[in-house]
Amino acid sequence: MSLPEDYLYSKEHEWVKKEDGKVRIGITAFAQDELGDIVFVELPEVGDTIEVNEPFGSVESVKTVSELYAPVSGKVVEVNEALEDSPELVNESPHEKAWMVVVELDDDNDLAELLDVAAYQALTEE
């Protein structure tokens with residue numbers, strides 16, 4: 001499994017990419033692989049706030065429905081509308097095309113709680 005080195009990762013299998021005071025969030029290749037074929041993605045709306053470790057949406061696969069847990073707290077400033085019509089992008093390109101939301105951070109300290117790529121890889125190998 002190839003993971004972007006410059007991303008941070010949550011124990012709930014979300015990834016976070018830092019971008020000028022904001023973060024882009026999606027689910028990891030490991031998560032989408034465990035879920036199987038994604039058929040529906042439910043995301044918050046622009047202007048909504050998300051709270052760290054609280055559900056902010058869900059992904060539905062042919063196997064199950066899984067909640068998405070916020071790796072950070074903040075205000076949603078962008079949502080990946082492409083996932084509404086093409087949820088399969090999560091399976092095809094989890095770290096590039098299938099980002100889910102962009103969030104304006106409430107507190108940069110939330111990032112300190114996340115895992116670097118080595119720690120996340122160790123977690124997924126347990």
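The values are calculated or read from the model by the stated rules, or taken from the named source; none is laboratory data. Quick caveat: nothing in here was measured; it's all calculated off a predicted structure. Here the Cβ is made from the backbone with ideal geometry for all residues, glycine too, and neighbour counts use every protein chain on show. Areas reflect the complete protein model, heavy atoms only, side chains present, ligands, DNA and RNA absent. Shrake-Rupley method; radii C 1.70, N 1.55, O 1.52, S 1.80 Å.
In the P(r) worked out for the chain, what percent of Cα pairs fall beyond 24 Å? Could the numbers behind the result be given before it?
Working: 1481 of 7875 pairs.
The answer is 19 percent, as a whole percent.
Residues of segment 32-126: accessible area per residue at 1.4 Å, in Å²? Each step should come with its number before you reach the end.
Working: 5250 Å² over 95 residues.
Accessible area per residue: 55 Å².
Taking the mean number of other Cβ atoms within 10 Å as a proxy for protection, how do you rank 8-18, 31-41 from highest to lowest?
Values: 8-18: 20.5, 31-41: 17.7.
By packing density, highest mean first, the sequence is 8-18, 31-41.
With θ set to phi - 60° and the Karplus curve 6.51 cos²θ - 1.76 cosθ + 1.60, what are the ³J(HN,Hα) couplings of segment 69-81 in order, to the nearest whole Hz, using x for Gly and Pro?
10, 5, x, 9, 9, x, 9, 6, 10, 7, 10, 7, 5
In segment 55-126, carbon and sulfur make up what percent of the accessible area (probe 1.4 Å)?
Solvent-exposed carbon and sulfur of segment 55-126 make up 41 percent of the total.
Can you compute 3J(HN,Hα) from phi for each residue in segment 56-62, using the Karplus curve 6.51 cos²θ - 1.76 cosθ + 1.60 with θ = phi - 60°, rounded to whole Hz and x for Gly and Pro?
10, x, 8, 10, 10, 10, 5
From the residues V101, G21, S86, which one has its Cα farthest along the dipole of the chain in the positive direction, the dipole being from +1 and -1 charges on Cβ of Lys/Arg and Asp/Glu about the Cα centre?
Final value for the positive-end residue is S86.
Which of the aspartates and glutamates could be linked to K18 by a straight reach, that is with a Cα gap under 15 Å, when you skip same-chain ones fewer than 8 residues away?
E5, D6, E78, E96, E104, D106, D107, D108, D110, E113, D116
Please build a GNM for the chain, connecting alpha carbons under 10 Å apart, and tell me which residue among V72, V62, V103 fluctuates the most.
V62
Sequence-distant or interchain residues sharing an amide H contact under 5 Å with I27, placed H: which?
Distant-sequence amide H within range of I27: W15.
Based on Cα coordinates alone, diagonalise the gyration tensor for segment 1-71, multiply each eigenvalue by 5, take square roots, and list the semi-axes in whole Å, largest first.
Details: eigenvalues 77, 57, 18 Å².
In descending order, the three semi-axes are 20, 17, 10 Å.
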